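Undergrad: My structure is below; once you've seen it, I'll send some questions.
The values are calculated or read from the model by the stated rules, or taken from the named source; none is laboratory data. Just so it is clear, the structure is predicted and the values come from calculations on it, not from any experiment. No Cβ is skipped: glycine too gets one built from the backbone with ideal geometry, and neighbour counts run over all protein chains shown.
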Amino acid sequence: MTSYDVLGIGNAIVDVISHADEAFLQKHTLTKGSMMLIDEARAETLYAAMGSGVEVSGGSCGNTMAGIASLGGKGAYIGKVKQDQLGAVFSHDLKAIGVAFDTPQATSGPSTARCLILVTPDAQRTMNTYLGACTGLGPGDIDTKLVAAAQVTYVEGYLWDEPEAKKAVLKAFDAAHAAGRLVSITLSDSFCVDRYRDEFRALIRDKIDILFGNEAEIKSLYQVDSFEKALEATRKEGKIAALTRSEKGSVVIKGSETHAVPAAPITKLVDTTGAGDLYASGFLYGFTRGKPLAECARLGGVAAAEIISHVGPRPETPLRDLI
């Protein structure tokens with residue numbers, strides 16, 4: 001018997017979201033649609049130059065866990081924040097929506113992480129991340145009993161940027177499999193895939209049960225020029241893979257099975273921040289309830305559609321009311 005549907009492990013980050021035009025991106029030499037890691041000095045410079053924005057607890061995996069809670073699922077989270085103002089905000093936000101979060105806060109070292117997100121008029125988001133206290137996540141933060149208490153342990157590919165965080169993930173994966181549970185990863189970002197392609201491919205082959213990625217990420221992973229080629233390369237891994245294609249919906253494969261599911265309708269595209277994170281929420285919520293894969297994909301699409309209809313990566317409407 002498990003206590004949680006999903007345990008998420010990720011970079012605990014507070015998002016600062018602001019609108020910007022193409023000229024701003026060019027002035028600050030930013031690549032539209034990418035996620036760049038920055039140092040504290042760069043974070044302060046960009047923050048000062050950005051227009052007014054909203055601050056909300058984020059981080060890819062944190063967003064997914066918020067979505068699972070909004071759907072009515074039971075979630076837990078492991079991530080590192082510092083004992084500072086932003087750390088308190090992040091902790092409060094997760095606990096307030098019903099996600100268990102008990103990772104000890106750092107009392108020294110870098111401040112709590114933040115991601116400066118610039119949303120252009122075409123709704124694309126360009127992210128600049130100062131990891132700060134996130135870099136302190138290590139194997140000692142992994143509670144193996146908590147891992148064993150969750151049906152699925154879900155992690156973000158961004159964790160591969162820190163060697164100790166990578167060790168923490170591998171410890172969690174081994175604990176999950178030892179307890180007869182499943183593990184899942186999201187590829188996070190095509191630039192992240194570029195950095196760790198060989199490691200990710202080995203990880204998917206040897207450890208992963210459920211893979212999440214978008215069209216750009218999966219094409220980068222297998223270094224092919226079409227989604228169809230990437231789909232067939234992924235199929236050979238023999239895992240469950242849920243691959244999103246923006247307005248084209250998503251495709252889920254498992255062995256010879258293929259389920260192409262259209263995107264949920266939206267009234268207006270405002271901000272794509274968190275779309276993939278929330279797709280994973282809906283999919284994993286359905287999966288941990290034994291739903292067919294096509295229905296899991298539909299739930300993912302509904303959650304993603306809600307998140308892209310407003311600014312910010314956390315649901316504004318209870319997702320359980322939409323499904």
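Undergrad: Need the failing condition index for Gly276 against (1) modelled with pLDDT of 95 or more; (2) not in a loop (DSSP other than H, G, I, E, B), just the number.
TA: Going through (1) modelled with pLDDT of 95 or more; (2) not in a loop (DSSP other than H, G, I, E, B) one by one, Gly276 breaks only (1).
Undergrad: Oh, and also: Starting from region 163-189, keep only residues that are under 25 Å from Gly282 (Cα atoms), then list their pairs with residues that are polar (S, T, N, Q) and assigned to a loop (DSSP other than H, G, I, E, B) whose Cβ atoms are within a distance under 8 Å, requiring at least 6 positions of separation or different chains.
TA: Arg181/Thr2; Asp189/Ser34
Undergrad: Turning to a different aspect of this structure: If only one of Ala88, Ala175 is in a helix (DSSP H, G or I), in contact with a helix residue (DSSP H, G or I) (Cβ under 6 Å, 6 or more places away or on another chain) and surrounded by fewer than 24 Cβ atoms within 10 Å (Cβ to Cβ), which one is it?
TA: Values: Ala88 fails: in contact with a helix residue (DSSP H, G or I) (Cβ under 6 Å, 6 or more places away or on another chain).
Checking each option against the conditions leaves just Ala175.
Undergrad: Is it fair to say Gly67 is under 25 Å from Gly140 (Cα atoms) and either touching a helix residue (DSSP H, G or I) at 6+ places or on another chain (Cβ under 9 Å) or at pLDDT below 90 (or both)?
TA: Here the answer is no, as Gly67 does not meet what is asked.
Undergrad: What is the number of the single condition among (1) closer than 20 Å to Asp277 by Cβ; (2) touching a strand residue (DSSP E or B) at 6+ places or on another chain (Cβ under 9 Å) that Asp102 does not meet?
TA: Only one criterion in (1) closer than 20 Å to Asp277 by Cβ; (2) touching a strand residue (DSSP E or B) at 6+ places or on another chain (Cβ under 9 Å) is unmet by Asp102, namely (1).
Undergrad: Next question, about the same structure. Across region 201-221, which residue is surrounded by the most Cβ atoms within 10 Å (Cβ to Cβ) among those that are in contact (Cβ under 8 Å) with a residue 60 or more places away in the chain and hydrophobic (A, V, I, L, M, F, W, C)?
TA: Phe212
Undergrad: If the requirement is being acidic (Asp, Glu) and either touching a residue at least 24 places away in the same chain (Cβ under 8 Å) or under 23 Å from Tyr4 (Cα atoms) (or both), which of these qualifies: Glu228, Glu257?
TA: Values: Glu228 fails: either touching a residue at least 24 places away in the same chain (Cβ under 8 Å) or under 23 Å from Tyr4 (Cα atoms) (or both).
Checking each option against the conditions leaves just Glu257.
Undergrad: Let me confirm something: among Gly53, Gly8, which residue is buried (at least 18 other Cβ atoms within 10 Å of the Cβ), closer than 23 Å to Ala168 by Cα and of a type outside the set (A, V, I, L, M, F, W, C)?
TA: Numbers: Gly53 fails: closer than 23 Å to Ala168 by Cα.
Only one candidate passes the filter, namely Gly8.
Undergrad: Let me ask you something else. In the list Val152, Val224, Val193, which residue meets the criterion of being of a type in the set (Val, Ile, Thr), under 29 Å from Lys74 (Cβ atoms) and either in contact with a Leu (Cβ under 7 Å, 6 or more places away or on another chain) or assigned to a loop (DSSP other than H, G, I, E, B) (or both)?
TA: Values: Val224 fails: under 29 Å from Lys74 (Cβ atoms); Val193 fails: under 29 Å from Lys74 (Cβ atoms).
From the options Val152, Val224, Val193, the qualifying one is Val152.
Undergrad: Would you mention how many residues in region 290-308 are outside any helix (DSSP H, G or I) and touching a residue at least 60 places away in the same chain (Cβ under 8 Å)?
TA: Keep residues of region 290-308 that are outside any helix (DSSP H, G or I), which gives 290-292, 308.
Within this subset, residues satisfying the condition of being touching a residue at least 60 places away in the same chain (Cβ under 8 Å) are 308.
Number satisfying all stated conditions: 1.
Undergrad: Answer yes or no as to whether Tyr158 is modelled with pLDDT under 95, crowded, with 22+ Cβ neighbours inside 10 Å and aromatic (Phe, Trp, Tyr).
TA: Answer is yes for this residue.
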